[in-house]
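Here the structure is laid out as structure tokens; the discussion comes afterwards.
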Amino acid sequence: MSITVLNPGLLTTVQDQGRVGYQQFGVSVSGVMDPRSAALANILAGNDQGEAVLECTMMGPQLQFDKANVIAITGGDLGPTLDGKAVPNYQAVAVRAGQVLKFTAPKTGCRAFIAFAGGLDIPVTMGSRSTYMKAKIGGHQGRKLEKGDVIGFRAPAETLKRMEDRVLKPEFAPRPVYTLRVVLGPQDDAFTDDGLHTFLSETYTVTPEFDRMGCRLDGPAIAHKDGGDIISDGIAFGAIQVPSAGTPIIMLADRQTTGGYTKIANVITADFRILAQLKTGDKVQFVETPVEYAQSLLLAQRSALKALSKINN
């Protein structure tokens, strides 16, 4: 009742919606980089939205199924195949025992999420199955997957009801320039008017310094009034730090719990599905959004996921 890792890919980890409530003790939230895509994969696979999935970056893993189960793959299209035949994304797929799931190469985006019907047999650590690699907490032995790893299924299913209806339209589409909506603050008053104008009008480029902790951008410097250092305070997913050098860094799932650089804005939660799929060389522009509108988008997203869960499950 398991999968065996034949090849781990570039970076494959067990993640769920995160380890909430422990930042005060210095423990990162971690969790999936794209909460919406992971939730959709779980809904298609008949799971609760917060069930643990495999998050795959750029080059996906090769997994041999020792037990039949139903899977669903969402997020970026990394070219999934079963025994050499293409597998559709955003669809529930029955996998037989002995079959091998592979990924050929990224076609769109850079992160895919694999959900397994019935969930993975991963212990819960501090309320979550997510992997926090820096502290070796959670997931499979606190680390990324390696060749030879075996992960069990808790309650596998050979089929699900209404399998033919468990199909959704892929959401991520490549663009010449990606727009990320932001809510300004909490330290936007630390920047000059010209600095704020630069941030909201210029185009930035994703650098190779992009991992689960943060995404460093390159582009025109954002001017401070008196430098970029502050007394350390808490950091949210999507917070955009701007050190004194003036180039922004977007904080992500494995971000540190506190930081001492000014935060000019925060990417809204509804746009994490875009943020998670960016890769080196992609272009980004920021657009200011009222906090009330950002909240309405998040509530609408949650309502849509809840409604979809009821239909499919």
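Here is the figure for segment 156-185: residues that are touching a residue at least 40 places away in the same chain (Cβ under 8 Å), farther than 28 Å from Ala52 by Cβ and part of a loop (DSSP other than H, G, I, E, B) total 4. The lone criterion from (1) under 22 Å from Asp16 (Cβ atoms); (2) open to solvent by less than 30 Å² (accessible area, probe 1.4 Å) left unmet by Gly234 is number (2). The residue that is surrounded by the fewest Cβ atoms within 10 Å (Cβ to Cβ), among those in segment 110-152 that are β-branched (Val, Ile, Thr) and within 17 Å of the chain's Cα centre (by Cα), is Ile114. Restricting attention to segment 72-80, does a residue exist that is open to solvent by 20 Å² or more (accessible area, probe 1.4 Å) and under 15 Å from the mean Cα position of the chain (by Cα)? The answer is yes; a qualifying residue exists. Taking segment 70-123, which residues are of a type in the set (Lys, Arg) and closer than 15 Å to Ala157 by Cα? Residue satisfying the conditions is Arg96 alone. Under the condition of being out of contact with any helix residue (DSSP H, G or I) (no Cβ under 7 Å at 6 or more places or on another chain), part of a strand (DSSP E or B) and under 20 Å from Asp16 (Cα atoms), the residues counted in segment 48-90 number 10.
Pairs linking a residue in segment 3-29 that is at pLDDT below 95 to a residue that is among the aliphatic types (A, V, I, L, M), with Cβ atoms under 6 Å and 6 or more positions apart or on different chains, are Tyr22/Met126.
Across segment 1-40, the qualifying residues are those that are over 20 Å from Gly127 (Cα atoms) and in a loop (DSSP other than H, G, I, E, B), and the one among them that is most open to solvent (accessible area, probe 1.4 Å) is Met1.
The values are calculated or read from the model by the stated rules, or taken from the named source; none is laboratory data. Not measured: the values here are computed from a predicted model. Every residue, glycine among them, receives a Cβ derived from its backbone with ideal geometry; neighbour counts consider all protein chains shown. For the accessible areas, the whole protein counts, side chains as well, though only heavy atoms, and no ligand, DNA or RNA atoms are used. Shrake-Rupley method; radii C 1.70, N 1.55, O 1.52, S 1.80 Å.
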